[in-house]
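Data first, discussion second: the structure below is written as structure tokens.
The values are calculated or read from the model by the stated rules, or taken from the named source; none is laboratory data. Everything numeric in this text was worked out from a predicted model, so none of it was measured. Neighbour counts are summed over all protein chains in view; Cβ atoms, including those assigned to glycine, are modelled from backbone coordinates with ideal geometry. Accessible surface is based on the protein model in full, side chains and every heavy atom, while ligands, DNA and RNA are left aside. Shrake-Rupley method; radii C 1.70, N 1.55, O 1.52, S 1.80 Å.
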Amino acid sequence: MAVVGLFWITEDCVYVGAEPTGTAPGVRLTKDGVETLGSDQGGRFWSWDLVGGIDVQDVAVRSTARRLASMAFDSLVVLVTGDGEQPPAFTVRVETENDGPIEATALAAAPGGIHTPDEHALSRTRLATGATPVENLLTWRRDEPEDVAPTRDEQLALLRHWTTTPT
């Protein structure tokens, strides 16, 4: 698994946000289409030919400095109180041919649940244009060593590549 921008990429699928466990909400992208997951929204699937677009809303976006300050503050609160929280949720909007616009919830996968403006913009562009097929992202994940996560600069380079590569 690797987190790149808003995406949690496994060998089999790409999640928008974190890979959900149990009854947690999420959105999964596969080579066949888009699926909503979770007890309150699960079980809905649309093949790619029925998807007109995907976008995200309510994503926590901060500059790199503000992101680090927010993460440090959150860590301090957990250290002092022992009270941790679920990652922040955001909305994934799927434009479907048959069902119209569908809004689903996903949980942030990034540390602290906060993305930089570049990560957010490039991830949204990748979702909106579908510039690189999901299968290419899965192939990239399969070719990478399992225990090596891309650095922030490598993530941005990948996102830039995935938003400019023709389908």
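Key figures
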item: Test: residue 68 is closer than 17 Å to residue 110 by Cβ, open to solvent by 70 Å² or more (accessible area, probe 1.4 Å), of a type in the set (A, V, I, L, M) and modelled with pLDDT under 95; result: yes
item: Some residue of region 91-101 being modelled with pLDDT of 90 or more, outside any strand (DSSP E or B), open to solvent by less than 50 Å² (accessible area, probe 1.4 Å) and not aromatic (Phe, Trp, Tyr); result: no
item: Sole residue being buried (at least 20 other Cβ atoms within 10 Å of the Cβ) and at pLDDT below 90, chosen from 122, 137, 127, 107; result: 127
item: Counted residues, region 6-43 - those being of a type in the set (Gly, Ala, Ser) and open to solvent by less than 10 Å² (accessible area, probe 1.4 Å); result: 3
